[in-house]
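**Q** Can you keep this structure in mind? I'll have questions shortly.
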Amino acid sequence: MTIKRFFLTVSVLLAGLSAYAQDLRIDDLGNRNVIVRVNDLSKKYLLLPVQEDVPESGVFVTVNGVAEPVRNVRLAVDRVDYMVPLSLEPYKDCTVALDIHIGDGHRRTDVIKDICWEKMHLSDEFSLENIEKYRPVFHHTPQYGWMNDPNGMFYKDGVYHLYYQFNPYGSMWGNMHWGHSSSTDLVHWEHHPVAIAPDQWGTIFSGSAVVDKNNTSGFGENAVVAMYTSCSLTQKQSIAYSLDGGMTYTKYAGNPVVQAPQECRDPKVFWNEEAGCWNCVLVSPLEYEAWFYTSPDLKNWTKQGEFGGHGNTSAIWECPDLFKLTDPVSGDSKWVLLININPGGPAGGSATQYFVGDFDGKNFVCDTAPEVVNWLDYGKDHYATVTWSHAPEGRTMAIAWMSNWQYANQLPTRQFRSANSLARDLTLAKTSDGTYRVCVLPSPEMEVLRTGKPLVTSFSAGKNGRSVALPSELCEIDVKFTAKKGSKLTFRLSNDQGEYVDLVYDGKSYVFDRAKSGATDFSQDFAVPTTAPASESVEQNVRMIMDVSSIEMFDGKGWWAMTNLVYPSVPYNKLEVISENGTSRVKSLKIYSLTLN
């Protein structure tokens with residue numbers, strides 16, 4: 001042993017690694033390069049310590065001398081925010097080493113002294129017990145790590161499958177995989193292993209999945225075929241197929257299946273019965289365009305048309321969707337194109353816009369003028385909205401990522417970051433000026449959460465206000481009211497710490513203000529008010545659905561929706577109704593306590 005190796009070994013032991021000396025061998029090669037050799041593969045996990053405010057390090061796992069795609073991990077320097085697991089179960093009877101490239105800007109030059117190497121260890125356990133006060137109860141969240149866009153959603157054999165952009169190596173964006181959960185009722189979720197992991201074509205960005213019931217692809221009858229963006233130096237589209245109902249996937253040997261000279265991503269695939277082929281819509285994010293493709297077999301794709309120059313083109317276009325809706329009153333059918341944009345939302349940051357028009361399988365023609373912008377949700381925290389393929393009963397059902405890119409990486413949780421919105425049913429309605437709009441209401445499946453008898457009351461409210469105690473921090477508020485012209489009606493949710501949120505109706509719009517809602521200091525963009533245009537009805541109806549850290553608000557007929565996160569230090573426990581410039585009549589107030597049984 002050289003003198004240098006002797007002192008290195010001593011320093012490792014002094015750092016507290018003696019317990020793992022037989023399990024891990026840690027070699028500092030200098031020049032910000034460390035090799036960790038895993039000598040004991042009988043354990044399930046190698047637990048990696050993470051510190052969120054340090055640069056990412058590249059972790060190259062070499063198996064029998066062959067390197068896998070890099071994992072980027074914010075390895076701890078002088079404190080540990082949390083641990084993340086590297087599963088060792090796939091590597092039994094292999095030789096495994098981690099070639100770690102310490103990130104630029106790392107504060108230490110003698111990296112072997114960092115706390116990372118003291119705390120890194122092998123284990124048979126990785127606790128998934130919730131330790132977060134702000135984790136929602138009935139909204140879908142990952143068990144740990146980062147989540148953003150919902151992906152690949154399909155319904156089959158009574159089960160809703162939800163995939164999502166997932167980072168298993170930290171609670172900030174990176175290392176995109178497709179995580180996987182499923183549900184039979186849209187409120188109880190079962191978590192499954194990662195469905196699709198990075199490969200030689202890149203990390204796994206957003207996309208969609210369909211059931212190929214007629215085996216057009218040749219992968220097998222009723223194969224589930226996922227199409228997603230492979231992202232490395234360029235973005236291209238790949239496919240994978242599942243023969244076990246979406247639990248495991250095999251990547252197509254002929255990937256990528258769509259390549260373009262310009263950046264494009266987030267394929268949404270569906271079978272177009274009228275055209276007799278598969279359609280795919282992609283977005284060119286920097287050109288503010290949607291591209292339309294056709295295919296007979298999900299493998300060979302032909303570009304047919306483009307749509308752009310409409311709506312909000314101030315920011316990148318992402319996560320498109322295209323589907324047909326029928327107006328239940330007139331019987332008219334129209335196509336709806338969803339385009340998610342970031343930034344540029346009505347209150348800044350991320351949002352979902354939509355266009356109503358006609359689609360012939362190759363081109364989309366919008367009904368409205370180019371400058372018209374329609375928002376699917378007016379809140380700060382509703383993005384990447386996409387629909388389920390093959391939804392039951394001919395319904396069009398959507399779900400969104402409940403966050404905003406302005407502050408998503410800084411939200412006040414560590415074990416996990418981000419939740420999905422409640423599932424929502426989308427319908428078509430004709431407005432007074434003859435145009436069509438998309439109406440949004442929570443899917444009726446969520447009503448299973450209601451427990452016991454609701455609190456039911458009615459009253460008149462003036463400037464001194466009327467107060468009602470909330471039965472739980474998890475509740476649904478359904479209020480019908482009329483307000484005199486010129487009056488301003490405020491619905492205030494508050495707690496005993498003086499924190500509150502206000503929903504204010506002024507006759508023309510609803511404004512939601514969370515400036516005093518609780519924790520807001522993690523971003524200057526968080527406390528910005530959000531505004532939704534009110535319906536023209538004299539009697540207004542508002543539904544508010546409250547989970548631990550979110551409030552989703554809907555017009556009673558679905559004419560507007562507004563979704564916002566909140567982080568109160570203790571739950572809101574009181575609803576106060578205040579009417580300024582005249583008395584308002586609350587004709588019906590129902591408050592349901594919600595429970596996830």
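Values in this text are rule-based calculations from the coordinates and carry no lab data. Values in this document were obtained by computation on a predicted structure and should not be read as measured data. Positions of Cβ are generated from backbone atoms using ideal geometry, with glycine treated the same way; all protein chains shown enter the neighbour counts.
**Q** With just the Cα atoms defining each centre, how far is the stretch 528-597 from the stretch 224-273? Give it in Å.
**A** Cα centroid of the stretch 528-597 versus Cα centroid of the stretch 224-273: 40 Å apart.
**Q** Averaging sequence separations of C-alpha pairs under 8 Å and six or more residues apart, then dividing by the length of the stretch 444-594, give the relative contact order as a whole percent.
**A** Over the stretch 444-594, the number comes to 44 percent.
**Q** Using mean Cβ contacts within 10 Å as the protection proxy, how do 239-250, 417-428, 460-471, 81-92 order, highest first? Please report the intermediate quantities before stating the final value.
**A** On the way: 239-250: 18.4, 417-428: 23.6, 460-471: 14.2, 81-92: 16.2.
Answer by packing, highest mean first, reads 417-428, 239-250, 81-92, 460-471.
**Q** Same structure, new question: Whole-Hz Karplus ³J(HN,Hα) for the stretch 55-72, in order, using 6.51 cos²θ - 1.76 cosθ + 1.60 and θ = phi - 60°, x for Gly and Pro?
**A** x, 6, 10, x, 10, 9, 7, 9, 10, 6, x, 10, 7, 8, x, 5, 9, 9
**Q** Now a separate question. For Cα pairs less than 8 Å apart in space and 6+ apart in sequence, what is the mean separation divided by the residue count of the chain, i.e. the relative contact order in percent?
**A** 10 percent
**Q** Right, next: Which of the pairs Lys516/Lys574; Lys213/Lys324; Lys44/Lys236 have their Cα atoms more than 26 Å apart in this structure?
**A** On the way: Lys516/Lys574 15 Å; Lys213/Lys324 20 Å; Lys44/Lys236 34 Å.
Violating the 26 Å limit, Cα to Cα: Lys44/Lys236.
**Q** Any idea what angle helix 3-12 forms with the longest principal axis of the chain, computed on alpha-carbon atoms, 0 to 90 degrees, nearest 10?
**A** The angle comes out near 40 degrees.
**Q** Here's a follow-up. Using the 10 angstrom Cβ neighbour count as an exposure proxy, how do Phe270, Phe364 rank, fewest first?
**A** Numbers: Phe270 18, Phe364 21.
With the sparsest Cβ surroundings first, the list reads Phe270, Phe364.
**Q** Something else now. By how many nm would the segment from Ser87 to Asp157 lengthen if fully extended, with 0.36 nm per residue of separation less the alpha-carbon distance?
**A** 22.1 nm
**Q** Let me ask another. Sorting check: for 62-71, 340-349, which peptide has the highest mean count of neighbouring beta carbons within 10 Å, and how do the rest follow?
**A** Details: 62-71: 13.7, 340-349: 21.4.
So the order, starting with the most tightly packed, is 340-349, 62-71.
**Q** Also: Less than 13 Å Cβ to Cβ from Leu503, Lys/Arg counted +1 and Asp/Glu -1: what total charge do the surrounding residues give?
**A** Working: positive: Lys488, Arg492, Arg514, Arg543; negative: Asp502, Asp506, Asp513, Glu552, Asp555, Glu576.
Neighbourhood net charge equals -2.
**Q** In the stretch 342-363, which residues have a backbone nitrogen under 19 Å from the label point lying 7 Å from Asp332's Cα in the Cα-to-Cβ direction?
**A** The answer is 354-360, whose backbone nitrogens lie closer than 19 Å to the label point.
**Q** Would you please name the trypsin sites (Lys or Arg not before Pro) within the stretch 200-305 that are DSSP coil residues with at most 14 other C-beta atoms within 10 Å of their C-beta?
**A** Hits after loop and neighbour filter: Lys213.
**Q** Report the extension gain between Glu274 and Asp78 in nm, rounded to one decimal, defined as 0.36 nm multiplied by the number of residues separating them, less their alpha carbon distance. Could the numbers behind the result be given before it?
**A** On the way: separation 196, 0.36 × 196 = 70.56 nm, distance 6.08 nm.
Length difference between fully extended and current span is 64.5 nm.
**Q** Still on this structure, I have one more. With runs of 4+ DSSP H residues as the only contributors, calculate the mean residue ellipticity of the chain at 222 nm using -39,500 (n - 2.57) per run, divided by the residue total and rounded to the nearest 500.
**A** Working: 2 runs with 15 residues, N = 597.
That comes out to -500 deg cm²/dmol.
**Q** Where does the charge balance sit around Gly103 when Lys and Arg score +1, Asp and Glu -1, over other residues with C-beta under 9 Å from its C-beta?
**A** Numbers: positive: Arg32, Arg74; negative: Glu56, Asp104.
Every neighbour counted, the sum reads 0.
**Q** What is the dipole size for the stretch 444-594, taken about its Cα centre, with +1 at each Lys and Arg Cβ and -1 at each Asp and Glu Cβ, in debye to the nearest 20?
**A** Details: 18 positive and 19 negative charges, 161 e Å.
With only Lys, Arg, Asp and Glu charged at Cβ, the dipole is about 780 debye.
**Q** Within 10 Å of each residue's Cβ, count the other Cβ atoms and sort Asp114, Asp185, Asp23 from fewest upward.
**A** Asp185, Asp23, Asp114
**Q** What size of dipole, in debye to the nearest 20, comes out for the chain about its Cα centre when the only charges are +1 on Lys and Arg C-beta atoms and -1 on Asp and Glu C-beta atoms? Could the numbers behind the result be given before it?
**A** Values: 53 positive and 69 negative charges, 213 e Å.
Result for the chain is approximately 1020 debye, rounded to the nearest 20.
**Q** Over the stretch 145-442, what is the relative contact order in percent, taking alpha-carbon pairs closer than 8 angstrom and at least six residues apart? Can you show the working numbers first?
**A** Values: 827 pairs, mean separation 40.7, N = 298.
Dividing the mean separation by the residue count of the stretch 145-442 yields 14 percent.
**Q** Turning to a different aspect of this structure: Work through the residues other than Glu132 whose Cβ is under 11 Å from its Cβ and net out their charges, Lys, Arg +1 and Asp, Glu -1.
**A** On the way: positive: Lys133, Arg135, Arg414, Arg417; negative: Glu129.
Once positives and negatives cancel, what remains is +3.
**Q** Now for a different question. Among the aspartates and glutamates, which have Cα under 13 Å from the Cα of Lys587 when same-chain residues fewer than 8 positions away are ignored?
**A** Asp478, Glu539
**Q** Could you pull out every one of the lysines with an alpha carbon less than 17 Å from that of Lys113, ignoring same-chain neighbours closer than 8 positions?
**A** Candidates past the 8-residue exclusion: Lys4.
**Q** Okay, moving on. What is the chain by shape, rounded, prolate or oblate, if you read a ≥ b ≥ c off the alpha carbon gyration tensor as root eigenvalues and call it rounded for a/c under 1.5, prolate for a/b larger than b/c, and oblate otherwise?
**A** Cα axes put the chain in the oblate bin.
**Q** For a protection proxy built on the mean count of beta-carbon atoms within 10 angstrom, sort 445-453, 510-518, 276-284 highest first, please.
**A** Values: 445-453: 15.0, 510-518: 20.0, 276-284: 21.7.
Packing order, densest peptide first, comes out as 276-284, 510-518, 445-453.
**Q** Next question, about the same structure. Could you give the dipole magnitude of the stretch 145-442 about its Cα centre, charging the beta-carbon of Lys and Arg +1 and that of Asp and Glu -1, in debye to the nearest 20? Could you put the intermediate results ahead of the total?
**A** Values: 18 positive and 29 negative charges, 117 e Å.
For the stretch 145-442, the charge dipole is close to 560 debye.
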